[in-house]
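Colleague: Can you keep this structure in mind? I'll have questions shortly.
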Number of protein chains: 2
Amino acid sequence: MARPSRWPQIVDAAAELFREKGFVATSLEDIASAVGMYKGSLYHYIDSKEDLLFAVVREPAEQILGEVRELTDLDLPPAEKIRRIIRAHVRTLQENFTYSSVYLEEFAGRHRSEEWTAMDREYYRFVVDVIGEGKLRGDFGAAVDVRITALALVGALNWLTHWYQPDGSLSGAEIAERFCDVFLIGLLNRSGETARRLAATVDSTDRLT
Amino acid sequence: MARPSRWPQIVDAAAELFREKGFVATSLEDIASAVGMYKGSLYHYIDSKEDLLFAVVREPAEQILGEVRELTDLDLPPAEKIRRIIRAHVRTLQENFTYSSVYLEEFAGRHRSEEWTAMDREYYRFVVDVIGEGKLRGDFGAAVDVRITALALVGALNWLTHWYQPDGSLSGAEIAERFCDVFLIGLLNRSGETARRLAATVDSTDRLT
């Protein structure tokens, strides 16, 4: 479909409205009026409101998957790959805050269509593979549950859209580093003596020296 | 408002529909037809669709806050409190799957009203306090970022509704234990030798023996 010059402005307005009101509650009238057009004129650009939703979310989704695919072939320790996944995720959110929020709100974990479910699954599979590789190499604990850890990590990252503030006190890069620490290092003190003391208070003593 | 005997059935039907279609897309007609009533008869029970939403989510929200409040006064190590928060959260989800899903979809991180925002905040503050106490005691690493770790934990728990399956291969209790491991122990192997080797490959060497 031919998309004349006002297309980027329309997608921007749709993204803002989807994020504020949600996809279902936003009407084509809302979007048309936000860019000063008649609703009928929108049909020069789209067939349905869904077309606009896909236009909004395609960019952040492809950006993050692209970065993750590049990582696949790099010869890096699994811990470093986890760091880079987290950094890529937070950076994508930071650079496309409105668009990413709409993606996470309307797509992630929702099975909207085969294509989008496949994107979610590819991302999750990649995290699973990296964690599995880390276990195999002995870099990650032998008792790590690969699937649940991947779901916890992806969930914590996806939930970022509920609290991340583009003008908050921490930059995206700072948030990413702290996320890395949470998932790689964990809460329990790693210094030898405390770890031994704590070993008595937690179930998983085999994983503490 | 007097609420005769069909009230529980109406709240159940509303919960199912809100979870499947979302609150905005569900109409009072949908709910009335699910319980075989006329829409007009629903107004014997409620003033608006919002009343039904609040009825659906109040129980799981109060259950989890109640459990967390009980923890406040217990003399337990912070690591054990973190375990109990995670267990309470997963158990609430498991016992009230449909209702909890609606709460997390429509309320958590959304500022729907002062009362509900205050509930979110109380839960988050409690997690922050426990992590802060753990740092003070030296049970948790000195470099742990209290706020970001709390947000990561609450986010991972809230995201559970997107993947938890009541009939999945892991029980709620098993998922909870694995979540505890992720956040307390972290991915990196804690055995002395591997930890030393890895210390060279990650930034936060001060936290690894």
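The values are calculated or read from the model by the stated rules, or taken from the named source; none is laboratory data. From a predicted model like this one, the values you see are computed outputs, not experimental measurements. Positions of Cβ are backbone-derived with ideal geometry, glycine not excepted, and every protein chain shown enters the neighbour counts.
Colleague: State whether one or more residues within region B:147-165 are touching a helix residue (DSSP H, G or I) at 6+ places or on another chain (Cβ under 9 Å), outside any helix (DSSP H, G or I) and within 11 Å of chain A (Cβ to nearest Cβ).
Modeller: Yes, there is a match, as at least one residue in region B:147-165 is touching a helix residue (DSSP H, G or I) at 6+ places or on another chain (Cβ under 9 Å), outside any helix (DSSP H, G or I) and within 11 Å of chain A (Cβ to nearest Cβ).
Colleague: Next up: Here are B:Val144, B:Val202: which of them is part of a loop (DSSP other than H, G, I, E, B), facing chain A (nearest Cβ under 7 Å) and at pLDDT 85 or above?
Modeller: Testing whether each residue is part of a loop (DSSP other than H, G, I, E, B), facing chain A (nearest Cβ under 7 Å) and at pLDDT 85 or above leaves just B:Val144.
Colleague: Please verify whether B:Lys81 is touching a residue at least 40 places away in the same chain (Cβ under 8 Å), within 14 Å of chain A (Cβ to nearest Cβ) and charged (D, E, K, R), treating the condition exactly as stated.
Modeller: Values: touching a residue at least 40 places away in the same chain (Cβ under 8 Å): yes; within 14 Å of chain A (Cβ to nearest Cβ): yes; charged (D, E, K, R): yes.
In short, yes.
Colleague: Taking only region A:106-122 into account, find how many residues are within 17 Å of the chain's Cα centre (by Cα) and either assigned to a loop (DSSP other than H, G, I, E, B) or closer than 21 Å to B:Leu153 by Cβ (or both).
Modeller: Total meeting the criteria: 6.
Colleague: Separate question: Looking at (1) more than 26 Å from A:Phe107 (Cβ to Cβ); (2) hydrophobic (A, V, I, L, M, F, W, C); (3) crowded, with 22+ Cβ neighbours inside 10 Å, which is the only condition B:Leu160 fails?
Modeller: Only one criterion is unmet by B:Leu160, namely (1).
Colleague: Output the residues belonging to region A:25-55 that are among the β-branched types (Val, Ile, Thr) and without any contact (Cβ under 8 Å) to a residue 12 or more places away in the chain.
Modeller: none
Colleague: Same structure again: Considering only region A:18-59, how many residues are assigned to a helix (DSSP H, G or I) and aliphatic (A, V, I, L, M)?
Modeller: Total satisfying the criteria: 10.
Colleague: Give just the number: which of (1) within 12 Å of chain B (Cβ to nearest Cβ); (2) touching a residue at least 24 places away in the same chain (Cβ under 8 Å); (3) surrounded by fewer than 14 Cβ atoms within 10 Å (Cβ to Cβ) does A:Thr72 not satisfy?
Modeller: Only one criterion is unmet by A:Thr72, namely (1).
Colleague: For B:Arg58, indicate whether it is closer than 26 Å to B:Arg178 by Cα and either within 22 Å of the chain's Cα centre (by Cα) or without any contact (Cβ under 8 Å) to a residue 24 or more places away in the chain (or both).
Modeller: Here the answer is no, as B:Arg58 does not meet what is asked.
Colleague: Determine which single condition B:Glu115 fails, assuming it passes every other condition in (1) at negative phi; (2) within 13 Å of chain A (Cβ to nearest Cβ); (3) out of contact with any strand residue (DSSP E or B) (no Cβ under 9 Å at 6 or more places or on another chain); (4) surrounded by fewer than 20 Cβ atoms within 10 Å (Cβ to Cβ).
Modeller: Against the list (1) at negative phi; (2) within 13 Å of chain A (Cβ to nearest Cβ); (3) out of contact with any strand residue (DSSP E or B) (no Cβ under 9 Å at 6 or more places or on another chain); (4) surrounded by fewer than 20 Cβ atoms within 10 Å (Cβ to Cβ), B:Glu115 comes up short only on (2).
Colleague: Taking B:Ile82 as meeting all but one of (1) within 20 Å of the chain's Cα centre (by Cα); (2) aliphatic (A, V, I, L, M); (3) loosely packed, with under 14 Cβ neighbours inside 10 Å, write down the number of the exception.
Modeller: So B:Ile82 meets the others, but not (3).
Colleague: Please enumerate the residues belonging to region A:128-141 that are in a helix (DSSP H, G or I) and either more than 8 Å from chain B (Cβ to nearest Cβ) or among the hydrophobic types (A, V, I, L, M, F, W, C) (or both).
Modeller: A:Val128, A:Asp129, A:Val130, A:Ile131, A:Gly132, A:Glu133, A:Lys135, A:Leu136, A:Arg137
Colleague: Another question about this same structure. Given the options A:Val182, A:Val146, A:Val130, name the one that is surrounded by fewer than 23 Cβ atoms within 10 Å (Cβ to Cβ) and touching a residue at least 12 places away in the same chain (Cβ under 8 Å).
Modeller: When all the criteria are applied, what remains is A:Val146.
Colleague: Would you mind finding the one in B:Arg125, B:Arg121, B:Arg91 that is farther than 16 Å from A:Trp163 by Cβ and either more than 10 Å from chain A (Cβ to nearest Cβ) or touching a Gly at 6+ places or on another chain (Cβ under 9 Å) (or both)?
Modeller: B:Arg91
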